[in-house]
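K.L.:
Pasting in a structure now, in structure tokens, and then I'll have a few things to ask.
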Amino acid sequence: MDKNTMRGGSLRKGAIVCIDDERSVLLSLRDQLGWLLEHEYTVELAESGEEALALLEELAADQISVPVVICDQMMPEIRGVDLLEKIHASYPKTLKILLTGIADLDEIVRAVNCANLYRYIPKPWDQADLELTVREALRSYERDGLLERQNAMLQQEISERRQAESLLRESEAKLESILNSLEDVIWSASVDTLELSYLNPAAELVYGRDRQVFLDDPTLWQVGVIVPADRPQRALFFHQLLRKGSLSTEYRIFRPDGEVRWLSDRARVIKDAAGHPCRIDGIIYDITDRRRAEEKLAHDALHDALTGLPNRTLLMQRVEALHQHGKRDPDYRFAVLFIDLDRFKLVNDSLGHACGDQFLIAIAEQLRHCLRAADTVARLGGDEFTILLDGIQDTQDAVQIAERVLSRLAEPLQLGDRHLFTSASIGIVISACSYPSGTEMLRDADIAMYRAKASGKGCYAIFDQNMHAETLKIVQIENDLRQAIHQGELLLHYQPIVYLKTGELAGFEALVRWQHPEQGLIHPDEFISIAEDTGLIVPLGEWVLREACRQVSAWNLDRPPEQPLLISVNLAVHQLKEPNLIKIIEQILTETGLNSRCLKLELTESMLVENVESIIKTLTYLRGRHIQFSIDDFGTGYSSLSYLHRFPVSTLKIDRAFISRMEQDSENFEIVRAICTLAHSLGMKVVAEGIEEASQIDRLNSLGCELGQGFYFSRPVEAREAEKLLPLRYYTPAASANLLRATS
Ligand code: C2E
Ligand code: MG
Ligand code: MG
């Protein structure tokens, strides 16, 4: 509880202090000033100067104001004037009233001067006079106080305003310095005229012009510097901005040096207190670097990194666009040319990849030169390129371009100090409404390209529907073949191989067949090359080897050990390249129990041209395990006779073509003779393929050809049929000898 309440029982404005050494005087003063309570003043009494000073101090500590002090002049320990002087020193605002018995003018003058005496009241006093004096003093005190407070408030207001102004100035300076140091352009413009009212210095960096030119000429900023193509969009921007309140846009500007820069502008309409648009504020970022990075990304996504030509994605987009054009306009024609270099692998393998890259870049350049501006040349990857001819009259136009490309590529290419020769195969497809999309056109151009390649390379082929049907068939066979191996649709036929001198059975050649569930029995000519292209030949060949070994091993169990049957199995080039070929063969021999001396693997000459050393290593190892090798279709390939002796081959199989024409054509007979002589001189035996007549046997016998195979003895037959041939002697040597005598 504070002292105000303690003293007066309620809050009060202040206290009137009365000082007199006579207690009775004090009590009468208190009575007469009783009315003061109504004005929320209390009357405090002090009987001496000392008590009065203590009382005043106590009241000041309690923050109770003392507007009036009434003090007796004549007191034993201090004179009233002196006491008031002291009080004045500490409480100058307190109004001082002196009660004096004798009208001592000097004292009063002193009191006025030293203690700023407010009034003096002669003793004995008139009660009304006292009341009036005190009332008036209070009014004066309160008025002074109010004035003082007003003054104080005014002072404070002034100082606060000054402070606010200085803060404002400070923050404006800060803002100005921020705006000046920004790299982004800050602008402010009128809503009605779009005239600029502010532009920060960054504008000079971004636009490359003095900013004053924009402040002077608003159209320069709004339109003049904008790239013409982006101007309509810029005008629309201001229009929509006023409607929406805030908006962003991106556009290009020209700098005075001609450089184009990309800007992003974000603006906002500012409203006044009444909600009316009063100006537009905006910020402009220079986004050129970002845009360029985006453009580069977009370019890279659609172009080949090596040659800079459009890639497959971009090509397909363009093919699709032309295809749509063709749908709208039935007279419109375009063509796709699929180009594949014929011997690129050779360049890459022999000269290295860096040179291969240079070669492709040079080819891309050559192709570009063959085209009109509207045409596209794209690189699909590797050595595959595609030309898209936009708007041709007829097929002849496309043929002309294809011929131009072929003759250009036929010229030698200069790479450093080398001259490289190349050629290409080109597939041409002409647009047709029947194509559901561009993808099918590219597919058909690819098919035609394969046809061109197959018919001798360095030429073009125009796609026709037969090609498609054939391709579909191949694709179908490929798919079916994958399953054929697992579903047990493969089987082996066995064709006897006979000792020509005795007519006795030497063994069989295992020849694969495919029992297709819908197409019936399919011969190897129709699927072996597909199996080779797809790599399916590896599992297929392994199956053949295992099945042939198993079968012959079983047959040999019933034969005298000195007359085992030999089994010849065809080996494909892929199989020969398989790193685990040796392991597989050994595993199969162990599994089937076939004596390795009974296995003969047939290779073709073409298999012995590449990777010669590693092939010799493999064959030599297997030969060490008593496995034999023969060279199949001998005479049709291009193996150099001179290095034949390096391979551990025990037999040459003369191709059917020589045997069949051996009798009509003396040249063929001479070839057969030469092969026999060569084989024998290398310590090899000879097998004649395709014997269809008895007379051929005798001629071959005269050349010392040891073995023969052909329809004369038997066609290739199923295992069950072959079994019946086991005990047969195909002819008697006597008959043969007679024949020989008759023909010679
Ligand atoms: P190839 O290895 O030269 O097999 C001999 C081919 O000549 C067989 O054809 C056979 O039926 C045929 N032939 C044999 N004697 C005569 C005859 O007197 N007159 C005529 N016109 N033809 C005769 P086939 O069975 O159609 O095999 C064709 C080719 O398929 C084989 O030629 C061989 O290169 C390949 N081939 C067959 N089976 C396999 C195999 O399991 N693996 C591999 N890689 N190729 C195989
Ligand atoms: Mg063969
Ligand atoms: Mg053959």
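The values are calculated or read from the model by the stated rules, or taken from the named source; none is laboratory data. Predicted model, so just to flag it, every value in this text is computed and none were measured. All Cβ positions, even for glycine, are placed from backbone atoms using ideal geometry, and neighbour counts span all protein chains on display.
K.L.:
From the list Leu138, Leu167, Leu194, which one is in contact with a strand residue (DSSP E or B) (Cβ under 8 Å, 6 or more places away or on another chain) and farther than 30 Å from Arg243 by Cα?
P.N.:
Leu138 is the lone residue from the list that is in contact with a strand residue (DSSP E or B) (Cβ under 8 Å, 6 or more places away or on another chain) and farther than 30 Å from Arg243 by Cα.
Residue-by-condition table, conditions (1) touching a Leu at 6+ places or on another chain (Cβ under 9 Å); (2) not β-branched (Val, Ile, Thr):
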site	(1), (2)
Ile582	yes, no
Ile585	yes, no
Glu591	no, yes
Leu603	yes, yes
Ile615	yes, no
Ile631	yes, no
Thr651	yes, no
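K.L.:
Scan the stretch 184-203 and tell me whether some residue there is within 15 Å of Asp286 (Cα to Cα), in a helix (DSSP H, G or I) and assigned by TED's automatic domain parsing to the domain that holds Gly282.
P.N.:
Checked against the condition, which is being within 15 Å of Asp286 (Cα to Cα), in a helix (DSSP H, G or I) and assigned by TED's automatic domain parsing to the domain that holds Gly282, the stretch 184-203 yields at least one hit.
K.L.:
Kindly indicate the residue of the stretch 2-29 that is within 19 Å of Pro67 (Cβ to Cβ) and among the polar types (S, T, N, Q) and also modelled with the highest pLDDT among those meeting that condition.
P.N.:
Looking at the filtered set, the residue picked out is Ser10.
K.L.:
Given (1) touching a residue at least 12 places away in the same chain (Cβ under 8 Å); (2) surrounded by fewer than 16 Cβ atoms within 10 Å (Cβ to Cβ); (3) among the β-branched types (Val, Ile, Thr), where does Val191 come up short, assuming only one miss?
P.N.:
Every condition holds for Val191 apart from (2).
K.L.:
Can Ile631 be described as of a type outside the set (Lys, Arg), over 29 Å from Lys724 (Cβ atoms) and more than 16 Å from ligand 3 (Cβ to nearest atom)?
P.N.:
Numbers: of a type outside the set (Lys, Arg): yes; over 29 Å from Lys724 (Cβ atoms): yes; more than 16 Å from ligand 3 (Cβ to nearest atom): no.
Against the criterion (of a type outside the set (Lys, Arg), over 29 Å from Lys724 (Cβ atoms) and more than 16 Å from ligand 3 (Cβ to nearest atom)), Ile631 does not qualify.
K.L.:
Which residues, counting only those in the stretch 576-593, are modelled with pLDDT under 95 and either touching a Ser or Thr at 6+ places or on another chain (Cβ under 9 Å) or surrounded by 19 or more Cβ atoms within 10 Å (Cβ to Cβ) (or both)?
P.N.:
Result: Leu576, Lys577.
K.L.:
Given the condition more than 16 Å from ligand 1 (Cβ to nearest atom), in a strand (DSSP E or B) and either in the same structural domain as Ile616 (by TED's automatic domain parsing) or surrounded by fewer than 19 Cβ atoms within 10 Å (Cβ to Cβ) (or both), answer yes or no: does some residue in the stretch 661-668 qualify?
P.N.:
no
K.L.:
If you don't mind, another one. Among the candidates Ser264, Ser181, Ser171, Ser248, which residue alone is modelled with pLDDT of 90 or more, surrounded by fewer than 16 Cβ atoms within 10 Å (Cβ to Cβ) and among the small types (Gly, Ala, Ser)?
P.N.:
Values: Ser264 fails: surrounded by fewer than 16 Cβ atoms within 10 Å (Cβ to Cβ); Ser181 fails: modelled with pLDDT of 90 or more; Ser171 fails: modelled with pLDDT of 90 or more.
Being modelled with pLDDT of 90 or more, surrounded by fewer than 16 Cβ atoms within 10 Å (Cβ to Cβ) and among the small types (Gly, Ala, Ser) holds for just one of Ser264, Ser181, Ser171, Ser248, which is Ser248.
K.L.:
If a residue has to be over 23 Å from Pro67 (Cβ atoms) and either of a type in the set (S, T, N, Q) or loosely packed, with under 10 Cβ neighbours inside 10 Å (or both) to count, how many in the stretch 143-168 make the cut? Talk me through it step by step, then tell me what you get.
P.N.:
At the first step, the residues of the stretch 143-168 found to be over 23 Å from Pro67 (Cβ atoms) are 156-168.
From what is left, the residues that are either of a type in the set (S, T, N, Q) or loosely packed, with under 10 Cβ neighbours inside 10 Å (or both) are 156, 159, 163, 166.
Here the count works out to 4.
K.L.:
With the structure loaded, tell me whether Arg656 is in the same structural domain as Gly708 (by TED's automatic domain parsing), within 16 Å of ligand 1 (Cβ to nearest atom) and touching an Asp or Glu at 6+ places or on another chain (Cβ under 8 Å) or whether it fails that test.
P.N.:
So Arg656 passes the test.
K.L.:
Quick one: Ile363 ticks every box in (1) buried (at least 21 other Cβ atoms within 10 Å of the Cβ); (2) under 24 Å from His468 (Cα atoms) except a single one, so which number is it?
P.N.:
Result: Ile363 passes all but (2).
K.L.:
Is it fair to say Ser606 is under 26 Å from Ile675 (Cα atoms), polar (S, T, N, Q), within 16 Å of ligand 3 (Cβ to nearest atom) and modelled with pLDDT under 90?
P.N.:
For Ser606, the condition - under 26 Å from Ile675 (Cα atoms), polar (S, T, N, Q), within 16 Å of ligand 3 (Cβ to nearest atom) and modelled with pLDDT under 90 - is met.
K.L.:
With the condition kept exactly as written, say whether any residue in the stretch 95-115 is in contact with a helix residue (DSSP H, G or I) (Cβ under 7 Å, 6 or more places away or on another chain) and part of a loop (DSSP other than H, G, I, E, B).
P.N.:
no
K.L.:
Here's a follow-up. From the residues in the stretch 634-688 that are modelled with pLDDT of 90 or more and acidic (Asp, Glu), which one is farthest from ligand 3 (Cβ to nearest atom)?
P.N.:
Taking the candidates together, the pick is Glu670.
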